[in-house]
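Shown next, in structure tokens, is the structure this report addresses.
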Amino acid sequence: MKIKFLSAGIAMLLACCVAHAASSENKPSNDWLLGAKNDAKRFELLQKYLRGFDQPMWEVGERFRAVHEALSRDNYELAAYHWEKIRTTIQNGYLKRPARKANADAILLNTTWEEVNQAFGTKNSEKAWAGFEKAKNACQACHAAESLPFMNNQPLFDLSRPSSNTK
Ligand code: HEC
């Protein structure tokens, strides 16, 4: 009787240990970086998670919409603020996709960016909106140059000076 209890106890203990070992191995963990095998694996995970040029462009698109909103309220400082962040975002995108640099520099950042920046700096509605149009054309020219003409057929690129804003 005693032995029977003892062996049952050992069996239970063993089962418990096996279950515990299995659960700590397979348990889903939120430590996707800290729990990775080594730093090489961590960098691989980060590189994958940070994606390519699409994610900076997503931000650029949102900020360009914000430029339009700012100009619509005659807030030229805010427009210039987003315009600056757009440049930073595109340049940071080169870290991930260096092949996009040649066209983005030639079409937007080398000269057009500064012209648009100065147009916003005038705080003159007429000149600022002309700057917005110049920027919009450069965005679209780069998409065409990068073989993404479909990118230009979206409401973002229909944005222009609201008729209520023309004085
Ligand atoms: C290299 C030249 C280049 C310039 C300059 C450029 N883009 Fe892009 N844009 C791209 C490329 C390339 C993609 C597609 C990225 C991909 O496929 O990963 C893209 C994608 C986009 C997208 C879609 C992002 C998404 O995945 O949701 C938007 C929105 C966009 N661009 C807006 C703009 C705006 C606004 C400007 C101007 C302020 C601009 N782009 C300037 C190259 C450019």
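Bear in mind that the values in this text are calculations on the coordinates, not laboratory data. Because the structure is predicted, anything quoted here is derived from the model rather than measured. Don't worry about glycine lacking a Cβ; one is built from the backbone with ideal geometry, like all the others, and counts go over all protein chains shown.
Observations on the structure shown:
- Note on Asn165 and Thr122: the extension gain reaches 13.8 nm, defined as 0.36 nm multiplied by sequence separation minus the Cα-Cα distance.
- Close lysine pairs were tallied over the range 54-165: pairs 8 or more places apart or on different chains with Cα atoms under 27 Å apart number 13.
- When the trypsin sites (Lys or Arg not before Pro) in the range 70-164 are filtered for DSSP coil states and for at most 12 other beta-carbon atoms within 10 Å of their beta-carbon, the remaining sites are Arg73.
- Charge context of Pro56, other residues only, Cβ under 14 angstrom, K/R +1, D/E -1: +4
- Full extension of the chain between Lys134 and Trp58 yields a length gain of 25.4 nm, computed as 0.36 nm times the residue separation minus the alpha carbon distance.
- Inter-probe distance in nm under a simple model that places probes 7 Å from Cα toward Cβ, at Phe150 and Lys27: 4.5 nm
- From phi via Karplus (6.51, -1.76, 1.60), per-residue ³J(HN,Hα) for the range 54-60 in Hz, x at Gly/Pro: 5, 6, x, 5, 4, 5, 4
- Cβ-defined net charge surrounding Phe157, 12 Å radius [Lys, Arg +1; Asp, Glu -1]: 0
- Counting only Cα atoms, the range 54-165 measures 39, 25, 21 Å along its principal axes, largest extent leading.
- With θ taken as phi - 60° and the Karplus curve 6.51 cos²θ - 1.76 cosθ + 1.60 applied, the whole-hertz 3J(HN,Hα) list for the range 137-154 is 5, 5, 3, 5, 5, 5, 4, 5, 5, 8, 6, 10, x, 4, 4, 7, 8, 8 Hz, x standing for glycine and proline.
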